């Protein structure tokens, strides 16, 4: 089977789920990327890159000669030509806006279109006020729509997606990388991992941790990732007088993250809905932490309650840093409880959220899709 995967980015470090689609789906993958309307492609899973126009230079010459067409029209025709010449049988668009850009091409060529929503594309006001205006049209053209949580499924339904096209499919975790450390000696170390952006609430995590340090001076918070709020968070830790207790690791590889996870007491993330309505889907990193045997302290937000129960973690209301601090202090005082939660969490991921099961379920949706 020939499958085109359309993604905005080639190898954004936070988009492991997309990398897994490209690497693991059992099809001949044509990877189209670089913008919602892609301008590059790869046929070897991103190792070598080509301009979508280079696929047929004689076609390009003819397109460029027609000066009545703008760049987007030329790109649309080049993509259409690429899909047609390569006899693409299915298209998987990562994110709603990519689906909007590709839908008319897919419809014209009668290629089944599957659109996988991931987070901001279902919620953020600027996206909904631009691309979102065409979502009803997208839902009409697309054969299948995938949401990563119950919350997102409900949101897409409100935006007009028919129930018979809508699937809930949460991400899967590579349990060979993110695995349980059965010999861990508990220490008062918490770990946070993710982009330093508003919806992940890194400043709120730090403010909660300040209250922990006030009662447990030896507590430590390790923060992994990069992003626009990184310097703000570093400055905040200094201003609160806890910079000696907070370590910023920057962006790390999956293997490095897994190693850090295996030495922590619990995972913390204070996800919130921002003023622009930006929200999480189901944060992949929470499942990675669970797979590594970590109890999770997070918020009642997006798809988090779908995967974190009171047996595997502790959830608080968005913005409630006082209660988050109390939960962190509870696990410091009850390390056996943290270990029990983490052990249960690893079992839940192995049974319900393995990467193998996720890819199998995604492939099932694609394989049985009809135009």
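Where a number appears in this text, it was derived from the coordinates with a stated rule and is not lab data. Small disclaimer: the values here were computed from a predicted structure and weren't measured. Here the Cβ positions follow ideal geometry from the backbone for every residue, glycine too, while neighbour counts run over all protein chains shown.
One table, with the values for the structure above:
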{"read-out": "Region 224-302-region 92-157 distance, computed between alpha-carbon centres (Å)", "value": "28"}
{"read-out": "Mean separation of Cα contacts under 8 Å, 6 or more apart, over the residue count of region 189-352: relative contact order %", "value": "25"}
{"read-out": "Per-peptide average of other Cβ atoms within 10 Å, ordering 288-299, 346-357 highest first", "value": "288-299, 346-357"}
{"read-out": "Overall form of region 284-348 per C-alpha gyration tensor (a/c, 1.5; a/b vs b/c)", "value": "oblate"}
{"read-out": "Estimated [θ] at 222 nm from DSSP helical runs (n ≥ 4, -39500 (n - 2.57)) normalised by residues in the chain, nearest 500", "value": "-12500 deg cm²/dmol"}
{"read-out": "Efficiency of FRET from Cβ geometry, residue 136 and residue 251, R₀ 30 Å, rounded to 0.05", "value": "0.20"}
{"read-out": "Segment residue 84-residue 343, length gained on full extension (0.36 nm per residue, minus Cα span)", "value": "88.3 nm"}
{"read-out": "Residue 263/residue 157 FRET efficiency (R0 45 Å; Cβ-Cβ; nearest 0.05)", "value": "0.60"}
{"read-out": "Helix 321-333 axis, angle to the chain major axis (alpha carbon atoms, nearest 10°)", "value": "60"}
{"read-out": "Order of 92, 265, 109 - criterion: other Cβ atoms within 10 Å of each residue's Cβ, fewest first", "value": "109, 265, 92"}
{"read-out": "Angle between the chain longest axis and helix 96-109 axis [Cα atoms, degrees, rounded to 10]", "value": "30"}
{"read-out": "Estimated FRET transfer efficiency (residue 54, residue 13; beta-carbon r; R0 22 Å; 0.05)", "value": "0.25"}
{"read-out": "Cα-based helix-to-principal-axis angle, 355-367 vs the chain, degrees rounded to 10", "value": "30"}
{"read-out": "Gain in span if fully extended, residue 322 to residue 108, counting 0.36 nm per residue against the direct Cα distance", "value": "71.5 nm"}
{"read-out": "Stokes-Einstein D for the chain, Kirkwood Rh over Cα pairs, 4 °C, 1.567 mPa s (µm²/s)", "value": "60"}
{"read-out": "Rg and Dmax [Cα atoms of region 115-225; Å; Rg one decimal, Dmax integer]", "value": "19.6, 57"}
{"read-out": "Overall Cα dimensions of region 226-311 - principal axes, largest extent first, Å", "value": "35, 35, 24"}
{"read-out": "Cα Rg, Dmax (largest Cα-Cα span) when computed across region 189-352, Å", "value": "14.3, 43"}
{"read-out": "Relative contact order (%) - criterion: Cα under 8 Å, at least six apart; region: the chain", "value": "16"}
